[in-house]
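Written out below as structure tokens is the structure these notes cover.
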Amino acid sequence: MDVVLESSTFLSITKDAKVLLDMLLVKVKSVVNIARAMNMHSDLIKLELFVEKTERDVTLSHEVAEMLKLACYDAERVIDKYEIWSLKNQLLPSSTSSKVRGLIFSGRLNPFAYRNRMCLEIRKLIKILDKIGDFEEKIELVELDSFPIWVTPQGRSASSRTRVSVHYSGVVGRVIDRDTVIEALLKSGNEATLFVYPIVGVGGIGKTTLAKFVYNDPKIVSHFQLLLWIHVSRVFKVEEVLEQIVNSVREDLLCEKLDMNELKNLVHQTLYGKNYLIVLDDVWNEDPVKWDELKKLLMVGACGSKILVTTRKKEVALIMGTVPAYCLKGLLKEDSITLFLSKAFEQGQEVDHPNLVWIARMIVRKCQGNPLFLMIVGSTLRKKTERREWSIVNNHSGWNSNQNGEISSALRVSYEQLTSNLKVCLAYCSIFPKGCVIEIDKLIQLWVAEGLISKSNESEDLEHVAIQHFRELLSRSFFQDVEEYRSVYTSICTMHDLVHDLALSAAGVEFCTVNSHIQNISDEVRHVAFSDYDLSGKELPTSLVSNQALRTISFSIDGLGPTSTMFVENCIARFMQLRVLDISDSCFDELPSSVGELKYLRYLDVSSNGSIKELPDSINKLLSLQTLRVSHCPQLEGLPKDIGNLISLRHLYITTKQACFPDKAIGCLSSLCSLYIHSCNNLVSLSEGLQHLTNLRTLAIIGCPRLTFFPSAMKHLTTLENLLIVDCKELTLLEWQDIEGLRMLRSLVIGGLPELESKDVHCLGSLQMLVLAGLPELVTLPRWLEGASATLQYLRVERCLNFAALPKWLENLTALEKLEISKCRKSFSLPEGMSCLTNLKVLKIDN
């Protein structure tokens with residue numbers, strides 16, 4: 001289906017017939033396979049007829065959206081029930097414990113009775129599909145008068161707060177703005193007061209980009225003793241700002257465990273007598289009392305200390321600024337065209353397409369100099385070289401419609417060019433709070449758990465498809481600030497506030513954030529995030545209680561989960577259709593055994609709970625569970641004995657008090673793709689059962705101070721691609737033969753180890769990324785790295801206090817694209833052969 005009527009109003013994914021039909025088509029194809037497997041011949045013919053007809057015909061009115069949505073849910077119900085039945089059959093022969101069998105199966109698996117039930121479910125679905133078909137026949141084929149909306153075939157794709165990146169690249173047209181701000185910051189002002197300089201501008205205009213441009217300028221770096229970048233959340237909390245200040249300088253401290261007085265003392269120690277520049281990015285607070293409280297704590301630096309503020313609100317600038325604000329305007333015409341073309345074409349490619357550059361000038365005019373809009377619309381057209389494709393964007397009706405300022409025209413036009421599967425994935429991001437840092441692995445796992453990802457053939461991996469979707473959205477600038485393996489040892493990104501607004505509008509009525517002020521929650525809601533909700537009680541919001549179709553419950557917004565076991569038990573009892581249950585950052589001491597009744601649950605997060613001591617045995621009934629996160633639970637005694645029954649489990653994050661993991665526990669999780677062992681203070685050895693994890697791609701061992709060696713089974717992890725070994729103080733990598741078999745290793749992160757042997761290692765021929773952090777004995781790069789000379793693309797060395805030299809053989813790393821050296825105190829010079837690194841795009845050396 002290549003053509004759909006262009007709507008004059010913005011449609012959420014639950015109202016957009018094109019999106020819903022694409023989603024339904026994928027699900028019906030899965031039902032076809034189920035009907036074929038169960039020999040339902042008459043039903044199979046009807047289903048195949050619907051697929052054939054739907055793929056051939058062209059148009060459906062948006063009026064049929066509700067019917068399509070119901071059909072999607074019915075198809076999903078059929079698929080889920082078949083998967084549960086298949087998993088039970090898969091587990092039954094291997095389950096030797098009668099107790100476990102009793103837990104999982106309430107009765108015998110009668111294939112005849114089951115087949116009859118499935119027939120009824122499939123025929124119910126076929127009735128709705130017939131109605132959709134009847135509706136379709138009444139509509140004439142409609143072509144647009146000018147240019148139709150071009151949709152690429154489905155499946156086709158192109159190649160918690162933490163610190164955000166303060167590096168910049170490719171800044172266009174802000175040199176005058178940068179120099180003006182720098183001049184103001186370097187002037188000596190009234191030394192009796194703290195100098196505060198606000199930058200004010202509309203969303204997407206480039207305030208943060210300009211601040212980064214200033215922050216990284218050599219004149220600023222050399223002038224100030226201390227540079228600090230603080231991202232301020234929408235809810236202005238002085239304590240959070242102080243934590244970020246301390247964390248930026250003292251990486252050895254965990255500020256979340258400190259009280260306010262301790263934080264104040266540490267901030268005083270950090271700033272006292274120093275000539276500092278602090279950037280407070282994205283401030284919304286209009287309460288002068290809160291600002292005065294913070295300002296008093298900051299007024300301990302040397303004379304000449306400065307604060308740079310970025311904000312959209314002039315009221316904030318008036319409250320905080322000690323001088324008039326710098327009002328940032330849009331880019332000039334030629335700078336706008338330069339930025340747009342840099343996103344739409346590979347470098348220099350635009351000269352081959354003068355007809356497209358002419359259209360680009362018309363599109364650029366509509367973006368009104370806003371860098372965010374220019375980047376997103378430009379990225380939308382990347383790799384498109386047909387005049388028709390560019391004209392579709394230029395002539396889109398969305399440029400003439402701005403629904404009361406809810407969504408900018410540029411964002412709407414770019415959104416309309418996305419395929420249906422990308423629209424759905426983007427809309428789901430509205431579940432995250434605005435301005436938060438998003439863990440990319442978590443996002444991928446949630447997309448898969450919610451059933452938003454489909455594969456075109458059985459050999460495809462769902463996570464791989466999801467990663468491709470993420471990369472496509474990233475390439476179109478819907479995500480930004482991607483950082484790999486930073487302070488949280490995982491890859492993170494952010495989403496601009498205006499893009500988040502777009503995601504909220506696209507999500508429609510099915511997504512809802514529940515807070516203490518909300519009164520009525522629609523019965524159409526399927527995904528709920530709790531924020532600022534009174535969790536001291538045991539009751540759910542009244543208007544939510546009757547919604548038995550809920551798919552998602554998340555408490556991860558404010559870092560404050562439920563405090564009552566009864567509250568969690570009520571959630572489980574009411575919402576048996578849950579796919580995602582995120583109750584992280586909680587303090588209840590017992591996870592209800594009823595959690596085992598959530599047979600469709602695919603994602604469970606109980607991490608960062610300081611009270612929970614054990615997981616119920618009933619958790620082994622969760623045959624559909626794909627992701628289990630129980631990290632940062634310091635009181636957790638261990639994992640359930642029969643955890644091997646979780647045959648769908650692909651991602652496990654754990655913190656326990658165990659000294660070793662039983663061979664029959666983790667080693668039985670044959671589907672496991674990633675294993676994160678975090679802050680296991682008693683862990684002495686890993687299980688030899690690791691050798692059975694033949695699908696493991698990521699292994700992270702972080703903060704295990706008593707771990708002394710790797711098991712010999714490590715060499716059997718032949719599919720391992722990512723290995724992280726961090727803060728294991730007793731572990732020395734002197735005997736590398738334990739990992740010599742890891743021929744597929746692409747990413748290696750080593751940090752906080754006492755010693756790193758520089759012997760020859762022959763297993764790193766596929767290595768693409770290496771991070772070396774907090775290695776006190778490291779003086780130069782280990783010699784074994786030369787074995788990755790043809791593949792290594794990214795190299796980072798940080799907090800290695802004795803690191804003093806880059807070796808001469810660095811010139812042999814000819815594939816290297818990015819080299820970063822940070823917080824290595826000893827001075828050194830670059831080797832003469834640097835000119836041989838012809839692929840090097842980024843060289844960053846700081847502190």
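Annotations for the structure displayed:
- Here 306, 343 are screened, and the one residue that is in contact with a Lys or Arg (Cβ under 7 Å, 6 or more places away or on another chain) and either surrounded by 18 or more Cβ atoms within 10 Å (Cβ to Cβ) or at pLDDT below 90 (or both) is 343.
- Scanning the stretch 791-847 for residues that are under 19 Å from residue 753 (Cβ atoms), assigned to a loop (DSSP other than H, G, I, E, B) and of a type in the set (A, V, I, L, M) yields a total of 2.
- Among the residues of this structure, residue 702 does not count as one that is closer than 24 Å to residue 617 by Cβ and either more than 25 Å from the chain's Cα centre (by Cα) or at pLDDT 85 or above (or both).
- Considered as a group, the residues in the stretch 590-620 that are in a helix (DSSP H, G or I) and of a type outside the set (Ser, Thr, Tyr) include one that is nearest to residue 645 (Cα to Cα), and that residue is 620.
- Candidates 423, 442, 384, 434: the one that is among the basic types (Lys, Arg) and farther than 30 Å from residue 514 by Cα is 384.
- From 446, 473, residue being of a type outside the set (Lys, Arg), out of contact with any strand residue (DSSP E or B) (no Cβ under 8 Å at 6 or more places or on another chain) and either under 25 Å from residue 582 (Cα atoms) or at pLDDT 90 or above (or both): 473
- Among the candidates 656, 563, residue that is at pLDDT 90 or above, polar (S, T, N, Q) and either within 23 Å of residue 684 (Cα to Cα) or part of a loop (DSSP other than H, G, I, E, B) (or both): 656
- Qualifying residue in the stretch 636-656 (condition: crowded, with 22+ Cβ neighbours inside 10 Å, closer than 30 Å to residue 77 by Cα and out of contact with any strand residue (DSSP E or B) (no Cβ under 9 Å at 6 or more places or on another chain)): yes
- Residue 70 closer than 25 Å to residue 599 by Cβ and either part of a helix (DSSP H, G or I) or modelled with pLDDT of 80 or more (or both): yes
- The listed residue being at pLDDT 90 or above and charged (D, E, K, R), out of 735, 721, 740, 730: 721
The values are calculated or read from the model by the stated rules, or taken from the named source; none is laboratory data. Worth saying up front: this structure is predicted, and the values here are computed from it rather than measured. Heads up, the Cβs are rebuilt from the backbone with ideal geometry, glycines too, and the neighbour counts pull from every protein chain shown.
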